[in-house]
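Report on one structure; see the data block that follows.
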Amino acid sequence: MKQVKQLLVLFIFLVINSKTFAAVLPANVSNNVTPNETVTKQASLTKQMYLAQMKAFASMSVEKYGELRGKKLNTLERLAFKMNQKRAKSLLTAYSKHDEPTVLSKISWLTKGFLLGPIALILGYLFLKDDDRELIKWIWFGFAGFVAVVAIFLLTVK
């Protein structure tokens, strides 16, 4: 029973240490890469450099990384390397998959703008990221419909 507790403590210690190693991306790799931007001519050179570094890191072997570091990786460092590599791959796939807002999200924000009016505009400007600014256009279309309905209602009340 004592050995089981010691093994459990050792396992928890290893998991905590591996998580702290994996919490930090390698040098010069940005975590600010947003999945909604496309790599085009107008993308900045810095982001293109970060993407190239992430792609190189994601395809690198453990031995090659050890050569670049100048020493052989121990078990925890190998585990941390694999976890960071998996994280970089997931960031790259999220970056490449997500291009524009879907038609359903555009319709939903149009409906919110129509039903909620100025409240939807405030919510859109507060909660939508810079990448989702196209959806604010749809909120404005819904808000225009909201204003038209309110104007028609006010004109018919007299």
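The values are calculated or read from the model by the stated rules, or taken from the named source; none is laboratory data. Bear in mind that the values here come from a model prediction, so they are computed numbers and not experimental data. Every residue, glycine among them, receives a Cβ derived from its backbone with ideal geometry; neighbour counts consider all protein chains shown. Please note that ligands, DNA and RNA were not included when accessible areas were found on the heavy atoms of the full protein model with its side chains. Shrake-Rupley method; radii C 1.70, N 1.55, O 1.52, S 1.80 Å.
At-a-glance table
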{"item": "Size of charge dipole - region 62-158 - debye, nearest 20, with Cβ of Lys, Arg +1 and Asp, Glu -1, no other charges", "result": "500 debye"}
{"item": "Three-way shape call for region 102-144 based on the alpha-carbon gyration tensor, with the a/c threshold at 1.5", "result": "oblate"}
{"item": "Residue-span extension gain [residue 115 to residue 4] - 0.36 nm each, minus C-alpha spacing", "result": "33.9 nm"}
{"item": "Cα centroid separation, region 60-77 to region 101-140 (Å)", "result": "47 Å"}
{"item": "Flagged links, alpha-carbon separation over 19 Å, of 106/137; 47/89; 55/82; 89/129", "result": "89/129"}
{"item": "Extended-chain gain in nm, criterion 0.36 nm per residue less alpha-carbon gap, residue 62 and residue 104", "result": "10.9 nm"}
{"item": "Probe 1.4 Å, accessible area per residue of region 78-158, Å²", "result": "69 Å²"}
